[in-house]
Amino acid sequence: MLKTALKPRWILLLILAMVIASVFVLLSQWQFDSSRQAPPPAPSSTEEVRPLADVLQPLTPLYATGADQMVSFDGAFLPDTRTLVQDRLRDGEDGLWVIQGFAVDGVATPGGDPAQGAVLPIVLGWVAAADDVASLPEQQGRAAVVGRLLPPEAPVVQRPVEGQVPSLATADLANRWDVRAYAAFVVATTVTAGGADVPFAAGMEPVVVGPQPQETPINWLNIFYAIEWFVFAGFAFFLWWRLVADDHRRTLEDAEDAALATGDHPASGTRSEAGPAAHSAAHSEMTPETEGGTHRD
């Protein structure tokens, strides 16, 4: 077996198997590293209010390093953009979020009107029923907002309700409001106009969103892929070993066939052909001559 494995072609194939296995191991390591996602930023950094422009730009995704950050920005509320977000819990009670579009100053998107910045949905408060909002006035005019920046939710397919959305999906809101929107939203904590606080949550319950938990999430799908690549690496060596074993077996069979063809082993039937003649001669020597059943002297 060792002699077969040391043939030049099998040594070359072993080197090839080692290269392939090394690539598979590197892919496995990459999947293991990807399984541990980046942890959210520490509360000590997210609770420090930063300018929105330093954290997120329009038409760019919000990554984990920027999510949950307290931000501040100036701009103006857009009229006729107040919308209710369904299925929002507060202290175990189902209700709705009240949101409104806010045009942020100084961040006009490419192709947009420089006088109107990109729009950011602002969560203003929580109500138990849609009828509770009918008597509340919309926010108007310029203001300065401080709040927590959060990533958008996924769209949900549902029968539309006038003035309501099933999830806070910024892409859906951008289509409804016909504006260019951020890929994020803000839960407002304070709104000021002219240096004075605006009672934006009057008639509504405030929405409080705390910092994200600090444990590092694990993606089990990446771990499964990592194990799969490691199995592939072992299969490369197993395939090489099977090919060498098959070659070794064929070599033994060829050697046995060659030995039989050259007559190194006695041909079958030789003993059986000589056997009757030898047996007759021995019998004639050992049997006394008789005639008519009488012994002759």
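The values are calculated or read from the model by the stated rules, or taken from the named source; none is laboratory data. Computed from a predicted model, the values in this text were never measured in an experiment. Heads up, the Cβs are rebuilt from the backbone with ideal geometry, glycines too, and the neighbour counts pull from every protein chain shown. Side chains included, ligands, DNA and RNA excluded: accessible areas come from the protein's heavy atoms. Shrake-Rupley method; radii C 1.70, N 1.55, O 1.52, S 1.80 Å.
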| task | Scan segment 14-40 for residues that are modelled with pLDDT of 75 or more, within 30 Å of Leu62 (Cα to Cα) and open to solvent by 70 Å² or more (accessible area, probe 1.4 Å) and report the count. | result | 5
| request: Please indicate, with yes or no, whether at least one residue in segment 200-223 is in contact with a Phe, Trp or Tyr (Cβ under 7 Å, 6 or more places away or on another chain), open to solvent by 40 Å² or more (accessible area, probe 1.4 Å) and at pLDDT below 90. | output: no
| Taking only pairs six or more apart or across chains, which ones have beta-carbon atoms under 6 Å, a first residue in segment 1-15 that is within 21 Å of Asp254 (Cβ to Cβ), and a second residue that is open to solvent by less than 100 Å² (accessible area, probe 1.4 Å) and at pLDDT 80 or above? | Met1/His248; Thr4/Val244; Thr4/Asp247; Thr4/His248; Ala5/Val244; Trp10/Val244; Leu13/Trp240
| remark: Going through segment 105-123 in order, the residues found to be surrounded by 22 or more Cβ atoms within 10 Å (Cβ to Cβ) and either at pLDDT 95 or above or touching a helix residue (DSSP H, G or I) at 6+ places or on another chain (Cβ under 9 Å) (or both) are Val119, Leu120, Pro121, Ile122, Val123
| request: Check Gly210 against each of (1) touching a residue at least 60 places away in the same chain (Cβ under 8 Å); (2) part of a loop (DSSP other than H, G, I, E, B); (3) under 32 Å from the mean Cα position of the chain (by Cα) and name the one condition it does not meet. | output: (1)
| What is the residue count in segment 79-104 for residues that are open to solvent by less than 70 Å² (accessible area, probe 1.4 Å) and either within 18 Å of Gly141 (Cα to Cα) or aliphatic (A, V, I, L, M) (or both)? | 13
| message | I need a count of the residues in segment 1-13 that are open to solvent by 50 Å² or more (accessible area, probe 1.4 Å) and assigned to a helix (DSSP H, G or I). | response | 7
| remark: Of (1) open to solvent by less than 30 Å² (accessible area, probe 1.4 Å); (2) farther than 29 Å from Pro211 by Cβ, Ala129 satisfies every one except (1)
